[in-house]
1. Scan the range 124-144 and report the pairs whose first residue is over 18 Å from ASP94 (Cβ atoms) and whose second residue is open to solvent by 30 Å² or more (accessible area, probe 1.4 Å) and not in a strand (DSSP E or B), with Cβ atoms within less than 6 Å and a gap of 6+ or a chain change.
2. Please work out which one of (1) part of a helix (DSSP H, G or I); (2) farther than 26 Å from ASP171 by Cα is the condition ARG63 fails and give its number.
3. Looking at (1) under 18 Å from ALA160 (Cβ atoms); (2) open to solvent by 50 Å² or more (accessible area, probe 1.4 Å); (3) in contact with a helix residue (DSSP H, G or I) (Cβ under 6 Å, 6 or more places away or on another chain), find the lone condition where ARG84 falls short.
4. In the list GLU35, GLU90, which residue meets the criterion of being open to solvent by 50 Å² or more (accessible area, probe 1.4 Å), in contact (Cβ under 8 Å) with a residue 12 or more places away in the chain and over 21 Å from VAL161 (Cβ atoms)?
5. Can you name the condition, by its number, that ALA55 falls short on among (1) of a type in the set (A, V, I, L, M); (2) open to solvent by 20 Å² or more (accessible area, probe 1.4 Å); (3) not in a strand (DSSP E or B)?
6. Go through the range 12-32 and report how many residues are loosely packed, with under 13 Cβ neighbours inside 10 Å and either assigned to a strand (DSSP E or B) or modelled with pLDDT of 95 or more (or both).
7. Could you list, ordered by first residue, the pairs with Cβ atoms under 8 Å in which the first is in the range 178-191 and in contact (Cβ under 8 Å) with a residue 12 or more places away in the chain and the second is β-branched (Val, Ile, Thr), at least 6 apart or interchain?
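The values are calculated or read from the model by the stated rules, or taken from the named source; none is laboratory data. Only a predicted model underlies this, so the values are computations on that prediction, with no experimental measurement involved. Using ideal geometry, Cβ is built from the backbone for each residue, glycine included, and neighbour counts are taken over all protein chains shown. Protein only, heavy atoms only, side chains kept; ligands, DNA and RNA dropped before computing areas. Shrake-Rupley method; radii C 1.70, N 1.55, O 1.52, S 1.80 Å.
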Amino acid sequence: MLFTKLKKAIGLDIGTHSIKAVQMSRSKGKLFVDEVGYVLVDRNQVNADPVNAHASAVREALRNMAVTQSHLVCALPGQTVVIRYPRLPESARDNIDTAVEQEAGHNIPYDLAEVTLDYDVLEEIDEGDQKQLKVLLVAAKHEIIESRMQILEAADLQCAVLGVDSLAIADAAEGCDFLRVGETVAIVNIGLTSAS
């Protein structure tokens, strides 16, 4: 059987008020917007069945997109996720999973059994005569992830990537070369119920 790498991605923003979707493809090193979708969530249906109200809006927003040929990328709202940037001694690299979990116990305001943790080593820095690892640590409560997954399952979708919207916005700004050394940039995410 011949497997082909998917060349399209759909970014899906599941908001309180509306669903936004954008399908992009890459060709010759450039990104192209193929389709966009925007649908208001039915406020009457939200009161009766919020999961199906959002799932219906998701299906409608994706109606003109090649979902089966794309990676689906979703995000959790930034205000529902704990993000920290701890520093670990360079020696922790050999047992990084354990070191990050121990650090999370000090930095996350929830019982670790209640959250899903993820991390990435951002860079190695010199602190005086010691090398340290700067780590991006993200924790989300299981119930927050489950609520997002319920909507996707009700819409008959599977998510390839589940990120954090505030980090995704920063990544997009960097990818579009909006963040430059020596410049100050403000990135604001304004939603119906929160802004970050």
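1. Between residues of the range 124-144 that are over 18 Å from ASP94 (Cβ atoms) and residues that are open to solvent by 30 Å² or more (accessible area, probe 1.4 Å) and not in a strand (DSSP E or B), the close pairs are LYS141/GLU114; ILE144/THR80.
2. Unmet condition: (1).
3. (1)
4. Result: GLU90 is the single residue among GLU35, GLU90 that is open to solvent by 50 Å² or more (accessible area, probe 1.4 Å), in contact (Cβ under 8 Å) with a residue 12 or more places away in the chain and over 21 Å from VAL161 (Cβ atoms).
5. (2)
6. 5
7. From residues that are in contact (Cβ under 8 Å) with a residue 12 or more places away in the chain, the pairs are ILE187/ILE169; ASN189/ILE169; GLY191/THR16.
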